[in-house]
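Heads up, the thing below is written out as structure tokens.
The values are calculated or read from the model by the stated rules, or taken from the named source; none is laboratory data. Every value quoted in this text rests on a predicted model; they were computed, and no experiment measured them. Because the Cβ atoms are built from the backbone with ideal geometry, glycine has one as well, and the counts that use them run over all protein chains shown. For accessibility, only protein heavy atoms count, side chains too; no ligands or nucleic acids. Shrake-Rupley method; radii C 1.70, N 1.55, O 1.52, S 1.80 Å.
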Amino acid sequence: MPNTSITINTPAWLEHFYKQSKDLDSSIESRMDFTIKIAVQNIKEGGGPFGAAIFEKNTNNLISIGVNLVTKSHLSIAHAEIVAICAAQSKFSNHDLSKVCNEGVELFSTTEPCAMCAGAIPWSGVKRLIYGATKQDATDIGFDEGAKPENWIQEYKKRGIDVICEVNRESAKKVLLEYHKNKGIIY
């Protein structure tokens, strides 16, 4: 009988970050720094150099954390953004996050979403995307980010999704460069 179950387990060490999130201020820079720290820890734990976090838009309460688990889970879809979205949707038992938080949710990602993640975000119910490093930063170290439409940000805006680009980019880019320098797996 074929395997009919797919499970993505988030690492136990993330619990520390859930507790730490209570001390964050409401600035997008603070929440991006928090997300970058998650990516740094994921590398230390043997994962990829990407992190994501979903917050309630106006309360800034942390809903979920995602880390890149591609090589650990052997699932090509286990990107940080997808893991964060799945964790939030599972938490609320709802595929549409716009229906579970009055003011909506925002997704912080240490790197501009790849083609797959960019495709998933509009259907997730996320109302604002904030990212750090760019697609070019990721491709410069060898990652294949896939093809996205050049006007993807405008398309998001048509769907009511705001995008804030390159928040704390240099810090986020440094994570990618360090991963590459330490011969992390490029996939």
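Counting only residues at least eight positions apart within a chain, or on another chain, the aspartates and glutamates with an alpha carbon under 20 Å from that of residue 181 are 45, 137, 140, 144, 145, 170.
The structure-derived value of mean projected area of the Cα convex hull in nm² appears in the list (1) 16.5; (2) 13.6; (3) 10.8 under the label (3). The solvent-accessible area of residue 171, taken with every protein chain present and a 1.4 Å probe, is close to 60 Å². For the range 150-155, the Karplus equation 6.51 cos²θ - 1.76 cosθ + 1.60, evaluated at θ = phi - 60°, returns couplings of 4, 9, 4, 5, 5, 5 Hz by residue, with Gly and Pro reported as x.
A simple rule links phi to the HN-Hα coupling: the Karplus curve 6.51 cos²θ - 1.76 cosθ + 1.60 with θ = phi - 60°, which for the range 58-74 gives 9, 8, 6, 6, 6, 9, 7, 10, x, 10, 6, 10, 3, 6, 6, 8, 6 Hz, with x for Gly and Pro. May I ask for the longest run of the chain untouched by GluC sites (Glu not before Pro) that are loop-located per DSSP and have at most 16 neighbouring C-beta atoms (other than their own) within 10 Å? Value returned for the longest uninterrupted segment is 46-102. Here the chain is treated with +1 on each Lys and Arg Cβ and -1 on each Asp and Glu Cβ, and its dipole about the Cα centre works out to around 240 debye. Computed from backbone phi, the HN-Hα couplings of the range 79-87 come to 7, 4, 5, 5, 4, 5, 5, 4, 5 Hz, rounded to whole numbers (Karplus: 6.51 cos²θ - 1.76 cosθ + 1.60, θ = phi - 60°; Gly and Pro given as x).
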